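Participant: My questions will all concern the structure given below.
The values are calculated or read from the model by the stated rules, or taken from the named source; none is laboratory data. Model, not experiment: these values are computed from the prediction. Because the Cβ atoms are built from the backbone with ideal geometry, glycine has one as well, and the counts that use them run over all protein chains shown.
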Amino acid sequence: MTKDDKTDSTGSTGAPFGAAPHERPVPRISIEAFCEFPDTTAALQRAAADRRLSKAHLGIRPGGTAEAVDFFSKNPTPNLLIVETRGQGAAVLAELEQLANVCDESTKVVVVGRSNDVQLYRELIRRGVSEYLVGPVSPLQFIETISGLYVSPTSAPIGRVVVFTGARGGVGSSTIAHNVAWYIAESLKINTAIVDLDLPFGTAGLNFNEDPGQGVADALIAPERLDDVLLDRLLIKCGEHLSLFAAPALLDRDYDVDASAYESVIDQVRASVPCVVVDMPHVWTAWSRQTLCAADEIVIVATPDLASLRNAKNMIDVVKAKRANDVVPKLVINQVGVLKRPEIPVKEFATALGQEPDLIIPFEPQLFGVAANNGQMLAEVQANARPSEGMRLLAEMVTGRTVSQPPKRSGLSLLPFLNKKAG
């Protein structure tokens, strides 16, 4: 991975690709908030649970500015202080004068008020207040404000992380992840890295006909050693825009990896590559849950059977609870139309799940089998096949980039009779 690879993040539109500044994780800072109104407290509680503030410590207390003055007369001030006031005009300025007497100069201050007063705003900014927000304030407003203070738009870009996971084993999530990543790299021209986290059984090396050798396991064992130079050595180049961080797929050792190592490795990869596609194994542990919930985009792959339905619903419920301020995971129903196999109809599947599928992929064993055995992608075997077209659609969905006409609606099926039923 060269320096040019870090900055060459353009897609078909020529605009930089990656996580926008307000989508980036806020660094490990201390935040104290003093609230006057219940809706502000509730909004901050939802913001505190957001993935972008997961590294920050956010304490929330009642009492507004007066309570903040009393508290910080006895305690050190945090990196960021959020205070809410009921006052207006000069009364707000008087409160802040008292607060200034107990705050360190390095502490940033955000004031929340109910007065939409431009003159007050200008005076607060002139006196060094970082931001003035007019309540009620939404969780996303708080997140974007905090990000704006600590994540500079001019700082080095970080990549967008897309996690693919299966509702159960054998649903084809790895195959879909690899094909989507290939399309993002080859057709959208976005530098992309596949991170295969199925250490003992990963198939990324097989699907790209590559011998992984050293790979992601070496990075996970000693994440503190992973820098640009080592990452460049460990990544396998599979094309001009595609790199592979493959799993060793060996059973002669145990893979006892600390949960924090996964976060560190993904953070290092996304610092160097605009798009990171994470191929998750079908496990449910502390690290897998954290990796899933910290992603910028999630794709859940299921098949039309009861186990997939149950597991997909449980996963979506957990993700929605943890990511209240994010879009819901994308749902792909794969292997539809297996001969003589009883299946849950797609419409019933969607009704039970409470979510329409974003993509339905037909079962075509000949195409998938040839591609897997040859170490090729579906489009390399048969570019105009319906599953190949599905990979293109999904790649455009998760990146927001297109090189062709985008799908007209969500839940687009590649099976004509399913589209008729949906209409």
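Participant: Restricting attention to the stretch 337-370, which residues are outside any loop (DSSP other than H, G, I, E, B) and touching a residue at least 40 places away in the same chain (Cβ under 8 Å)?
Facilitator: Residues satisfying the conditions are V346, K347, F349, A350, A352, L353, L359, I360, I361, P362, F368.
Participant: Then there's this: Give me the pairs: first residue in the stretch 188-201 and in contact (Cβ under 8 Å) with a residue 40 or more places away in the chain, second residue polar (S, T, N, Q) and surrounded by fewer than 20 Cβ atoms within 10 Å (Cβ to Cβ), beta-carbon distance under 6 Å, and six or more apart or on different chains, which are they?
Facilitator: As it stands, the answer is L188/S12, since those pairs meet every condition given.
Participant: Now for a separate question. Select from the stretch 45-70 the residues that are of a type in the set (D, E, K, R), modelled with pLDDT of 90 or more and either within 19 Å of Q290 (Cα to Cα) or not assigned by TED's automatic domain parsing to the domain that holds V83 (or both) and list them in ascending order.
Facilitator: R46
Participant: Another question, if that's okay. Identify the single condition in (1) modelled with pLDDT under 90; (2) more than 30 Å from K320 (Cβ to Cβ); (3) crowded, with 18+ Cβ neighbours inside 10 Å; (4) in contact with a Gly (Cβ under 9 Å, 6 or more places away or on another chain) that F17 does not satisfy, given that it satisfies every other one.
Facilitator: (2)
Participant: I'd like to verify a number: residues in the stretch 213-249 that are out of contact with any helix residue (DSSP H, G or I) (no Cβ under 7 Å at 6 or more places or on another chain) and farther than 20 Å from W287 by Cβ, how many?
Facilitator: Going through the stretch 213-249 one residue at a time, the tally reaches 13.
Participant: So, in the stretch 177-207, exactly how many residues are over 19 Å from L393 (Cβ atoms) and assigned to a helix (DSSP H, G or I)?
Facilitator: Here the count works out to 4.
Participant: Please give the helices (runs of 4 or more DSSP H) falling wholly within the stretch 24-129 in which 2 or more residues are more than 30 Å from I158 (Cβ to Cβ) and basic (K, R).
Facilitator: 118-126
Participant: Could you check S138 against (1) under 18 Å from the mean Cα position of the chain (by Cα); (2) surrounded by fewer than 20 Cβ atoms within 10 Å (Cβ to Cβ) and say which number it fails?
Facilitator: (1)
Participant: Additional query: Scan the stretch 61-74 residue by residue and report those that are surrounded by 15 or more Cβ atoms within 10 Å (Cβ to Cβ) and farther than 19 Å from D104 by Cα.
Facilitator: Scanning the stretch 61-74 gives a single hit, G63.
Participant: Do we find that S174 is assigned to a helix (DSSP H, G or I) and surrounded by fewer than 24 Cβ atoms within 10 Å (Cβ to Cβ) in this structure?
Facilitator: For S174, the condition - assigned to a helix (DSSP H, G or I) and surrounded by fewer than 24 Cβ atoms within 10 Å (Cβ to Cβ) - is not met.
Participant: Test K108 against the stated conditions and say whether it is under 21 Å from R24 (Cα atoms) and surrounded by fewer than 14 Cβ atoms within 10 Å (Cβ to Cβ). Give the derivation first.
Facilitator: Values: under 21 Å from R24 (Cα atoms): yes; surrounded by fewer than 14 Cβ atoms within 10 Å (Cβ to Cβ): no.
No.
Participant: Quick one: count up the residues across the stretch 220-243 that are part of a helix (DSSP H, G or I) and modelled with pLDDT under 90.
Facilitator: Of the residues in the stretch 220-243, 11 are part of a helix (DSSP H, G or I) and modelled with pLDDT under 90.
Participant: Among the residues of the stretch 94-137, write down those that are farther than 18 Å from A66 by Cβ, among the small types (G, A, S) and out of contact with any helix residue (DSSP H, G or I) (no Cβ under 6 Å at 6 or more places or on another chain).
Facilitator: Those that are farther than 18 Å from A66 by Cβ, among the small types (G, A, S) and out of contact with any helix residue (DSSP H, G or I) (no Cβ under 6 Å at 6 or more places or on another chain): S106, G128.
Participant: Within the stretch 313-357, which residues are of a type in the set (D, E) and either crowded, with 16+ Cβ neighbours inside 10 Å or in contact with a Gly (Cβ under 6 Å, 6 or more places away or on another chain) (or both)?
Facilitator: Taking the stretch 313-357 and keeping what is of a type in the set (D, E), we get 317, 326, 343, 348, 356.
Scanning the stretch 313-357 gives D326, E343, E356.
To keep it simple, each residue is scored yes or no on (1) out of contact with any Pro (no Cβ under 8 Å at 6 or more places or on another chain); (2) of a type in the set (A, V, I, L, M, F, W, C); (3) in the same structural domain as L53 (by TED's automatic domain parsing).
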residue: I146; (1), (2), (3): yes, yes, yes
residue: G166; (1), (2), (3): yes, no, no
residue: S174; (1), (2), (3): yes, no, no
residue: I190; (1), (2), (3): no, yes, no
residue: I194; (1), (2), (3): yes, yes, no
residue: P223; (1), (2), (3): yes, no, no
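Participant: In the stretch 244-289, how many are under 23 Å from K322 (Cα atoms), in a loop (DSSP other than H, G, I, E, B) and in contact (Cβ under 8 Å) with a residue 40 or more places away in the chain?
Facilitator: Qualifying residue count, the stretch 244-289: 3.
Participant: Output the number of the condition that I298 fails; it satisfies all remaining conditions of (1) in contact with a strand residue (DSSP E or B) (Cβ under 9 Å, 6 or more places away or on another chain); (2) farther than 25 Å from Q45 by Cα; (3) hydrophobic (A, V, I, L, M, F, W, C); (4) modelled with pLDDT of 95 or more.
Facilitator: (2)
Participant: Which of the residues spanning the stretch 224-236 are within 24 Å of the chain's Cα centre (by Cα), closer than 21 Å to L206 by Cα and free of Cβ contacts under 8 Å to residues at least 60 places away in the same chain?
Facilitator: Initial filter on the stretch 224-236 (within 24 Å of the chain's Cα centre (by Cα)): 224, 226-228, 231-232, 234-236.
Still in the list and also closer than 21 Å to L206 by Cα: 231-232, 234-236.
Matches in the stretch 224-236: L234, I236.
Participant: Is it the case, given these coordinates, that E67 is touching a strand residue (DSSP E or B) at 6+ places or on another chain (Cβ under 8 Å) and either without any contact (Cβ under 8 Å) to a residue 12 or more places away in the chain or under 19 Å from G128 (Cβ atoms) (or both)?
Facilitator: no
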